[in-house]
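Below is one structure, written out as structure tokens; the observations come after it.
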Amino acid sequence: MTQHAPLTNTEHRDLRVITTRAAAYGDDVMFSLTFPSEFRNIQAHFPIVFAKSREGTFAPLALFGFREKQNLFLGDGRWDAHYLPLVIERQPFLIGASPTGKVIHIDLDHPRVSRTEGERVFDENGGNTEFLQRTGSILSAIDEGVAATPAFIAAIQEHNLLESFALDIEFRDGNQHRFVGFHTIQEDRLKQLGAEALGKLHNQGYLQAVYMVIASLSNFRELIERASRLDAAQR
């Protein structure tokens, strides 16, 4: 259940947000949405893949595990990577609409919302805390990034650069798993693009993002290793 409400310093002055990272707070997710302007930070730690909707649209995702509700970056109440994706960090806040424009909403039923522990949202005088200011910046970055994503997807689809893939994984204990259901950049097609097409992608500001996606795929090795360690620990 969710209970979204516009955030105000009158109704929500005493609210706090728990920032501990754990499954109990909704962090047990296999992936999160990302966007091209975040790819540089994402590619340093997580594979970037693309999900295809039933309507045929694509969305870039930061991958944290190999099955539903598996997040291999959770441990001991913290996020086990040097970067926390913005869509994860922004919880329990989201962007809402008002007659005067976009405003911050909060999901009052989210497990991170508390009145006794965590980061204060407003100070004693009702002013924005540094935590809330940071949240506002995160939401703005997400809003701008998500809005810019369809043009990026259209540009790479114009050159037929997306393809589905299957990853055959062998864990340290010998167990095997085939990971399917997502898309990635087709490197051979990218290599075959002429100067005009590459120049167009570069001028649009998308070529670097394409290479970031390709670079991120090396993180599958670390993801497999994390899954192997988890499986061994649970035996």
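The values are calculated or read from the model by the stated rules, or taken from the named source; none is laboratory data. Bear in mind that the values here come from a model prediction, so they are computed numbers and not experimental data. FYI the Cβ positions are ideal-geometry reconstructions off the backbone, even for glycines, and counts take in every protein chain you see. For the accessible areas, the whole protein counts, side chains as well, though only heavy atoms, and no ligand, DNA or RNA atoms are used. Shrake-Rupley method; radii C 1.70, N 1.55, O 1.52, S 1.80 Å.
Structure notes:
- Amide H partners (placed H, <5 Å) of Asp80, local residues excluded: Leu74, Gly75
- Measuring only protein heavy atoms, the 1.4 Å probe finds Asp14 accessible over about 80 Å².
- Remark on Ile95: its backbone amide H falls under 5 Å from those of His105, a criterion applied only to residues 5 or more positions apart or on other chains, H modelled at 1.01 Å from N.
- Over the range 13-91 - Rg/Rh using Cα atoms and the Kirkwood inverse-distance radius: 1.00
- About its Cα centre, the range 1-83 has a charge dipole of approximately 140 debye under the convention of +1 per Lys or Arg Cβ and -1 per Asp or Glu Cβ, with nothing else charged.
- Rounded to the nearest 500, the 222 nm mean residue ellipticity of the chain from helices alone is -10500 deg cm²/dmol, with -39,500 (n - 2.57) taken per DSSP H run of at least 4 residues.
- Formal net charge of residues neighbouring Ala209 (Cβ-Cβ distance under 13 Å; K, R +1; D, E -1): 0
- Cα-based Rg and Dmax for the range 160-202, where Dmax is the largest Cα-Cα distance (Å): 15.5, 48
- Pairwise Cα distances in the chain exceed 31 Å for 32 percent of all pairs.
- Note on the range 54-106: Cα-Cα pairs beyond 15 Å make up 66% of the total pair count.
- Solvent accessible area, Å² - Leu190, 1.4 Å probe, full protein context: 10
- Of all accessible heavy-atom area on the range 139-234, the percent that carbon and sulfur account for (1.4 Å): 48
- Area of Arg115 that stays accessible when all protein chains are in place (1.4 Å probe, Å², to 10): 140
- Most to least accessible of His82, His105 (protein chains only, probe 1.4 Å): His82, His105
- Counting only Cα atoms, the size of the range 195-235 along its three principal axes is 54, 14, 8 Å, in decreasing order.
- Counting charges near Ala81 (Lys, Arg +1; Asp, Glu -1) among other residues having Cβ under 14 Å from its Cβ returns a value of -4.
- Residues whose amide H comes within less than 5 Å of that of Phe31, counting only those at least five positions distant or on another chain, are Phe64 (H built at 1.01 Å from N in the peptide plane).
- Probe 1.4 Å, all protein chains present, accessible-area order of Arg67, Arg226, Arg54, Arg16, largest first: Arg54, Arg67, Arg16, Arg226
- Whole-number percent relative contact order across the chain, with pairs defined as alpha carbons under 8 Å at least 6 apart: 28
- Accessible area per residue, Å², the chain with all protein chains present, probe 1.4 Å: 54
- Span-like helix ranges in the chain, DSSP H, alpha carbon extent 18 angstrom or more, Kyte mean at least 0.5: 130-158
- Its relative contact order, with pairs defined as Cα atoms under 8 Å and 6+ residues apart, puts the range 95-235 at 15 percent.
- Within the range 127-191, the proportion of C-alpha pairs whose separation exceeds 21 Å stands at 57%.
- Within-11-Å neighbourhood charge of Arg90 [Cβ basis; K, R +1; D, E -1]: -1
- Its Cα gyration tensor gives the range 89-181 an equivalent ellipsoid; the semi-axes, largest first and in whole Å, are 38, 24, 10.
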